[in-house]
1. Run down M144, M197 and say which single residue is open to solvent by 30 Å² or more (accessible area, probe 1.4 Å), over 22 Å from the mean Cα position of the chain (by Cα) and not assigned by the TED database to the domain that holds L117.
2. Could you say whether any residue in the stretch 137-154 is of a type in the set (G, A, S) and in contact (Cβ under 8 Å) with a residue 12 or more places away in the chain?
3. I'm told L50 meets every condition in (1) under 25 Å from the mean Cα position of the chain (by Cα); (2) more than 20 Å from I122 (Cβ to Cβ) except one. Can you identify the failing condition by its number?
4. Since F186 meets every condition but one in (1) surrounded by 14 or more Cβ atoms within 10 Å (Cβ to Cβ); (2) part of a loop (DSSP other than H, G, I, E, B), which condition does it not meet?
5. Which ranges mark the helices (runs of 4 or more DSSP H) fully within the stretch 2-97 that have 1 or more residues being open to solvent by 50 Å² or more (accessible area, probe 1.4 Å), modelled with pLDDT of 85 or more and not small (G, A, S)?
6. Tell me the residue from V116, V111 that is under 13 Å from the mean Cα position of the chain (by Cα) and in the same structural domain as E22 (by the TED database), please.
7. Looking only at the stretch 140-155, decide whether some residue is of a type in the set (V, I, T) and over 15 Å from F218 (Cα atoms).
8. Please identify the pairs in which a residue from the stretch 209-235 that is assigned to a helix (DSSP H, G or I) has its Cβ atom under 8 Å from the Cβ atom of a residue that is open to solvent by 40 Å² or more (accessible area, probe 1.4 Å) and of a type in the set (G, A, S), counting only partners at least 6 apart or on another chain.
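The values are calculated or read from the model by the stated rules, or taken from the named source; none is laboratory data. Computed from a prediction, not measured in an experiment: that's the story for all the values here. Cβ placement follows ideal geometry from the backbone for every residue including glycine, while neighbour counts extend to all protein chains displayed. Calculation scope for accessible area: heavy atoms of the full protein, side chains included, ligands and nucleic acids excluded. Shrake-Rupley method; radii C 1.70, N 1.55, O 1.52, S 1.80 Å.
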Amino acid sequence: MSTQTDAWQARFERLRSNKLFELLVISIILMSALVIGVKTYPLPPLANQLIVILDWGITLFFLAEITVRFLGESDRKRFFRSGWNVFDTLIVVVSLIPIEDSELALIGRLVRIFRVLRMVSIIPELRTLLNSLLAAMPQLGYVMLMMFIIFYIYAAVGTTFFATINPDLWGDIAISMLTLFRVMTFEDWTDVMYETMTVYPLSWVFYLSFIFLSAFAFLNMIIGIVVNVLEEEHQRQAKADAIAAGEPTLSELRDEIAGLRQLLEVGNRER
């Protein structure tokens, strides 16, 4: 009995690792995204019925795909230790609940929208990007805190000097921070600057210094942190893959080279 179970588990494992199966799953996820988009347009009754049938077909396919992945796992308990597997399972299970005609219809639609996120759990490269972003959050938090401080200081200065010029842009500190966000994103920021320069000719210093700090300095710091963490994540993944494949890691190769050098030195001394 155990041998037969292992044979079925090996078949499911081969199936879920098959590239054609992965491409099929990705195609169905893309089709699910298209169905969500089509639903936003006014459609004739027949088309709506076809969309509903197609939506249920997609849900049943996802159920079968989750089942294949679960049965293909050598350790079934380990399957639910992955957050992505738990997320996929919850999305599929909630999608099976018939709540379209109830008060929870909105939740059902939202769950079907989130099915598009399953693309992240299927494609390893997307998982690496998201894991890198999450790993960078502690460092990004300090940069964002510093940016908020700069925004707050400049917003207070802008409200103090420019509120009488244009209350719609500088009326209070909250509106001033929104205006500064507009300046940081270069959305017609020169119109804002020239308006205040009619009263304060040197106000260009205020805008240029803010742009230098926010758009150039801090945003580049954020990009640098994300790129650095992404590179570390790639190295960690490559090391994990090498260990799984039984290949020596870079540190192990360095140790072996150092050992060979010592042997050569000992051999040269004996000569």
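1. M197
2. no
3. Exception for L50: condition (1).
4. All conditions are met except number (1).
5. 19-39, 45-71
6. V116
7. Scanning the stretch 140-155 turns up at least one residue that is of a type in the set (V, I, T) and over 15 Å from F218 (Cα atoms).
8. V229/A135; E232/A135; E233/A135
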